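Only the coordinates and a few stated rules stand behind these numbers; no lab work does. Small disclaimer: the values here were computed from a predicted structure and weren't measured. Please note: Cβ atoms are built from the backbone with ideal geometry, for glycine as well, and neighbour counts cover all protein chains shown.
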Amino acid sequence: MGYENYLPAPIVYCLVILSAIVLIGNALNKIREFFTPGREMKETLDEHSALLAKDKKRLDQQNDDLQMLLSCMLVTMNHDITGNSIDKLKEKRDELQDYLTTR
């Protein structure tokens, strides 16, 4: 006993076509769900890479600032110890002014 006794052929064909559409839609949805974690992980990784690059730039700038500060302190200490090196103090002051204004 088949479906022929209960439903006309055009309705059966429509049901088969609609079932195929639903089946294909579900398959595509599963494929999309399969690749979603990788895509989300790549987006997160790109975001973290951008943040790390920003932090590296900021840390490099702080390192340059610290290097300039230590250099100025060394010249000042040498002047305090020896009482000389006024030319070095003036030179370092000019370097510090240039550094701070061009930063």
request  = Name every residue in the range 46-103 that is in a loop (DSSP other than H, G, I, E, B) and not basic (Lys, Arg), in order of residue number.
outcome  = Gly83, Asn84, Ser85
Residue list for the range 70-90, restricted to those being more than 23 Å from Arg58 (Cβ to Cβ) and in contact (Cβ under 8 Å) with a residue 12 or more places away in the chain = Val75, Thr76, Lys88, Leu89
ask   = If a residue has to be surrounded by 11 or more Cβ atoms within 10 Å (Cβ to Cβ) and more than 17 Å from Arg103 (Cβ to Cβ) to count, how many in the range 48-74 make the cut?
value = 2
